[in-house]
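Here the structure comes first, spelled out in structure tokens, and everything after it is commentary.
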Amino acid sequence: MTTAEHIAANVEKVRLQISAACERSGRNPDDVTLVAVSKKHSPASIQAAWTAGVQHFGENRVEEAEAKIPVANALIDQPVTWHMIGHIQSRKARYIPHLFQMVHSVDSLKLAQKLSNYAQAIAINLPVLIQMNIAGEAQKSGLWAKDWQVDATVYQQLVDTISQINQLPSLMVQGLMTMAPIVSIPEQARPVFTSLATLRLRLEQSLEFSLPHLSMGMTDDYPVAVEEGATLVRIGRAIFGSRV
Ligand SMILES: *Cc1c(COP(=O)(O)O)cnc(C)c1O
């Protein structure tokens, strides 16, 4: 098989897994968007995934995205939706609204303010998700959400921060994102996904606006994430193979 054929077969497998997870949990597969994470992979591989029906791609580094997105867009020559899924340093925020149609990794009010300013400067409204550090891992980005169900201070801080982000003029807060801890079996990630889904419902009540998206699930755990309500899954290796 050629690389393009491999990628097409992988996309097919992932779609079947998503459908199976939807079947098990009584969900509609149309409510789950596959975001193919193309970091460290070439525009040609991106084009192969696009030919196999993928319309959403994720990148996690600004420099890499700046070099690659224009090339991939030119190759494909059709509308593609680009998702920024990695941590953004404040000084790189200026590049984001030109390159991406959705940001999954808003993890501070300060970053949100910058993104809003730069989006406003080019007259767009940028859809964003708020990244949550559900498991409270020191090395992970995201608003601190460990023990939000029992720690009223943690919960109130989340409400306050998201409410302020939502008031920024050029950002549209559309949901939550998380990365589950690395575990040996996918089932062990389930409590984190359940917690994010529950947090979404609680926040919708507190904030009085809707948070339609839950971005959760990667190669090792996406079937579980879909069962728990993911609307966006971010899948790299299962589509493009390993990254060198
Ligand atoms: C790399 C990455 C993914 C995809 O990871 P895979 O294990 O290759 O599926 C998803 N989300 C984020 C934030 C990533 O950085």
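Here are a few things to note about the model shown:
- For first residues located in segment 79-100 and in contact (Cβ under 8 Å) with a residue 12 or more places away in the chain and β-branched (Val, Ile, Thr), partners that are within 15 Å of the ligand (Cβ to nearest atom) and assigned to a loop (DSSP other than H, G, I, E, B) and lie 6+ apart or on another chain with Cβ distances below 7 Å form the pairs 85/60; 96/88.
One line per residue, one yes/no per condition, for (1) part of a helix (DSSP H, G or I); (2) modelled with pLDDT of 95 or more; (3) over 17 Å from residue 22 (Cβ atoms); (4) of a type in the set (A, V, I, L, M):
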| position | (1), (2), (3), (4) |
| --- | --- |
| 182 | no, no, yes, yes |
| 190 | yes, yes, no, no |
| 195 | yes, yes, yes, no |
| 218 | no, yes, yes, yes |
| 243 | no, no, yes, no |
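- Members of segment 71-98 found to be away from the ligand (no atom under 16 Å from the Cβ), closer than 19 Å to residue 46 by Cβ and either open to solvent by less than 70 Å² (accessible area, probe 1.4 Å) or touching a Cys at 6+ places or on another chain (Cβ under 6 Å) (or both), listed by number: 72, 73, 76, 80
- When segment 40-53 is filtered for residues that are surrounded by 18 or more Cβ atoms within 10 Å (Cβ to Cβ) and away from the ligand (no atom under 16 Å from the Cβ), the ones remaining, listed by number, are 43, 47, 48, 50, 52.
- Scanning segment 54-63 for residues that are open to solvent by 10 Å² or more (accessible area, probe 1.4 Å) and closer than 10 Å to residue 36 by Cβ, we see that the one that is farthest from the ligand (Cβ to nearest atom) is 55.
- Residues that are away from the ligand (no atom under 16 Å from the Cβ) and open to solvent by 80 Å² or more (accessible area, probe 1.4 Å) were ranked within segment 170-191; the one that is nearest to residue 121 (Cα to Cα) is 191.
- Test: residue 116 is open to solvent by less than 70 Å² (accessible area, probe 1.4 Å) and in a helix (DSSP H, G or I): yes
The values are calculated or read from the model by the stated rules, or taken from the named source; none is laboratory data. Because the structure is a prediction, the values reported are computed rather than measured. Don't worry about glycine lacking a Cβ; one is built from the backbone with ideal geometry, like all the others, and counts go over all protein chains shown. Just the protein is used for accessible areas: all its heavy atoms, side chains included, with ligands, DNA and RNA removed. Shrake-Rupley method; radii C 1.70, N 1.55, O 1.52, S 1.80 Å.
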